[in-house]
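Scroll down for the structure; my scribbles are underneath it.
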Amino acid sequence: MKNKFGLENQQDKQTKAAVIFPSLTNSGIRLSPEARLKEACGLASAINLDVVLSEIVKLREIKPATFIGHGYLDKLLPTLQSLDIELLIIDASLSAIQQRNLEKALNIKVIDRTALILEIFGERANTKEGKLQVELAHLSYQRSRLVRSWTHLERQRGGAGFLGGPGETQIELDRRIIDDKIIKIEKELSKVKQTRSLQRSARQKVPYPVVALVGYTNAGKSSLFNKLSKSNVFAKDLLFATLDPTMRRIKLPSGKEVILSDTVGFISDLPHELIMSFRATLEEVLAADVIVHVRDISGADNIEQKKDVLDVLHHLGLKEIEQQANYIEVLNKIDLLTAEDKHKIELQTQRNKTLVAASAITGEGTDLLLKKIDNILSSQEKIMEIKIPASDGKLMAWIYANSEVLQKETKAANILFKIKINAANQARLQAKIAPKS
């Protein structure tokens, strides 16, 4: 019986894997080679692979046929054989030809960074939407890699995995099959998008402002989500522990209720197929009233990770998000800092009021975060005075449900209200009181 990688199972033992990061001069990758290799090993561990070899390979140039030069491959082959390694992960983007040539040269299964991340997403997806999005990303990835002698198209297991299995058909037939599946999934996701839009409209009518947590994978978003919402969402020291979005209603210090949304983590070189496939989910961020960027301030590469997150947000259409009034940056995991580093962070937060030093584990700083969210939402509200008929009980109930009543005065058959209301509800109220033509 074969496992998810198309390799023979041996009494349920972990698949032994090697991780290679090809460090190319002027590659444009922000993370250091050491950090990138560590991250790649973390990705492999996230799907229970046994990483027995990890190396950085310095390259002057990419070899068109194999990406990595034959000199290194000749040295690598006996090591792979002596350690009984069954799977080689190249932490880069390989062409289909390069992958095939590497498999022939080394006689083992080879996957690249995109395939590894797609496999993790396939395991993490729990909702119908999440599974559809992963399947769409996986099909888009497969379609771009159709070459003669392609042997990884047919899958042996259910779900969204795709790395193993036999089967070879003509390229034209392969492409048509994949295109048909893509069209079908896109139609299903379109329905999901419509449902999300309706859900957002329903929330706006209630209304509950939305606070979206974003950040690099494993930055502690889900732990912070659990602390703020007093819930028990899956949170573990794993890359991409959270995939499907989760929402909870929480109460702010002022008594105002908001929807807190936990989103999928970002990562450097996030495959384009995933960004596009998960756009429906990430649109929750675009529609959010407050965006909370959670950072692992204890990590050596936290600045580079921040830039990667902002790049994805920019790609989604949130330009210059740091300058927006509804942006908060949480410097998480301060419980892991030394006293000296923690003092430096505290000084930084005093200079920059958009920053909050916090620990999702101990709860330190979370009260201040809630106050800042409260202040942002309050600043988005406007004070207005309106006059409505005293007999219009339905409109009066709407005003109490959707605004903060500061003053109320009855004059003859009318009631004068002085209220605080956000911009969206102000527009709705104007439409309700506008004279009917």
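Read the figures in this text as sums done on the coordinates, not as results from a lab. Computed from a prediction, not measured in an experiment: that's the story for all the values here. Glycine also receives a Cβ, built like all others from the backbone with ideal geometry; neighbour counts cover every protein chain displayed.
Do any GluC sites (Glu not before Pro) in the range 61-111 lie in a DSSP loop with no more than 16 other beta carbon atoms within 10 Å, and if so, which?
Loop-located and lightly packed - 61.
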Set of aspartates and glutamates with alpha-carbon distance to residue 408 below 19 Å, sequence-local pairs under 8 removed: 381, 385, 392
Per-peptide average of other Cβ atoms within 10 Å, ordering 64-76, 112-124 highest first: 112-124, 64-76
Proximal lysines relative to residue 193, as straight alpha-carbon distance under 22 Å, when same-chain residues fewer than 8 apart are discounted: 128, 131, 181, 184, 205
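Within the range 280-384, report the GluC sites (Glu not before Pro) that DSSP leaves as loop and that have at most 10 other Cβ atoms within 10 Å.
Answer in residue order: 320.
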Where labels lie 7 Å past Cα in the beta-carbon direction, separation of residue 193 and residue 390 in nm: 5.1 nm
Fully extended contour minus Cα-Cα distance, from residue 186 to residue 56, at 0.36 nm per residue: 42.9 nm
